[in-house]
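Undergrad: Below are the structure tokens for one structure; questions will follow.
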């Protein structure tokens, strides 16, 4: 049995979520109406996983999350609204230790629950088995922590200026596939790539459409490389990181005889989006495998395992995140089991290997 704590200030949402998981027969469920009750239930009920709403009275989800991770860490799936404010709060939650998130779609509660049912159940089951990482920052009042981070950035500007746009690529491309646990993992890797990185980096992170623009802006603020959401066709440039737009797939193509990326509507041919598998396949169509580095990070499922294995077979290089650091070892494990991993590395060594591959 999976012990699940459902935290939401809406009585109707709690009933809907409880009924959903009770139908699965392998969940033992309790409820909490706000962050204060969640903290107490975490100590008394000792859940295996928590679904946690962000906007609640008395104590919001972010504050509750920080205290839960300090007192009794447990895998948490955040329940967030499909707004820019909701996206930013979700990324803060992931930095504080949440494993995953689910976006509330628009519409009435009864209808919206049906839209997210399968995804939420899968995320909760995966989170219950996830490897927890401690919060990136010490647990303090959220406002104080954010203020200290901002002051630190202002006091320590980047040592290397941003690369100018319009730089043609000479040394191929880096493809990154990532899902559950990805935002925080990417924030550990991408800021360690220098501004003069000689290749474009194309990221397929499974994420809703409403979140990827905010995520790209968040990364752009902390990376030496330029970070953009690939929301429209773009010729690939060195020194730029392209985040695939959520709600679509990102593919490699040619524009004016130069490698480019474009968003493409989702299709049923692929289970996850933006599709890592499709990104890898299209990259092989327009770039020699020897000039491709594929990096497979934390995530459930097997998205990208076949195309990244093909990259290695054709003479390219691939990296799989090691089990010891992956929040969810599914995607890297699938690549390794197919014989598609050139290197299997823990999180802290991946950026160095990427820089070494690019001659940096």
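Undergrad: Of the numbered conditions (1) assigned to a loop (DSSP other than H, G, I, E, B); (2) over 21 Å from the mean Cα position of the chain (by Cα), residue 311 fails exactly one; give the number of that condition.
TA: (1)
Undergrad: Which residue, of 102, 29, 54, is at pLDDT 95 or above, in contact with a strand residue (DSSP E or B) (Cβ under 8 Å, 6 or more places away or on another chain), surrounded by 15 or more Cβ atoms within 10 Å (Cβ to Cβ) and under 23 Å from residue 180 (Cβ atoms)?
TA: Values: 102 fails: at pLDDT 95 or above; 54 fails: at pLDDT 95 or above.
None of the others qualify; the one that does is 29.
Undergrad: Additional query: Please go through the stretch 213-245 and give me each residue that is free of Cβ contacts under 8 Å to residues at least 40 places away in the same chain and under 13 Å from residue 197 (Cβ atoms), ordered by number.
TA: Selection gives 223, 227.
Undergrad: Same structure, new question: Report yes if some residue within the stretch 191-208 is surrounded by 14 or more Cβ atoms within 10 Å (Cβ to Cβ), closer than 25 Å to residue 327 by Cβ and at pLDDT below 90; otherwise report no.
TA: yes
Undergrad: Residues 276, 261: which one is within 19 Å of residue 350 (Cα to Cα) and crowded, with 24+ Cβ neighbours inside 10 Å?
TA: So the residue among 276, 261 that is within 19 Å of residue 350 (Cα to Cα) and crowded, with 24+ Cβ neighbours inside 10 Å is 276.
Undergrad: What is the number of the single condition among (1) under 20 Å from residue 206 (Cα atoms); (2) touching a strand residue (DSSP E or B) at 6+ places or on another chain (Cβ under 9 Å); (3) surrounded by fewer than 24 Cβ atoms within 10 Å (Cβ to Cβ) that residue 330 does not meet?
TA: With respect to (1) under 20 Å from residue 206 (Cα atoms); (2) touching a strand residue (DSSP E or B) at 6+ places or on another chain (Cβ under 9 Å); (3) surrounded by fewer than 24 Cβ atoms within 10 Å (Cβ to Cβ), residue 330 is out only on (2).
The values are calculated or read from the model by the stated rules, or taken from the named source; none is laboratory data. Small disclaimer: the values here were computed from a predicted structure and weren't measured. Note that each Cβ is placed from the backbone with ideal geometry, even for glycine, and that neighbours are counted across all protein chains shown.
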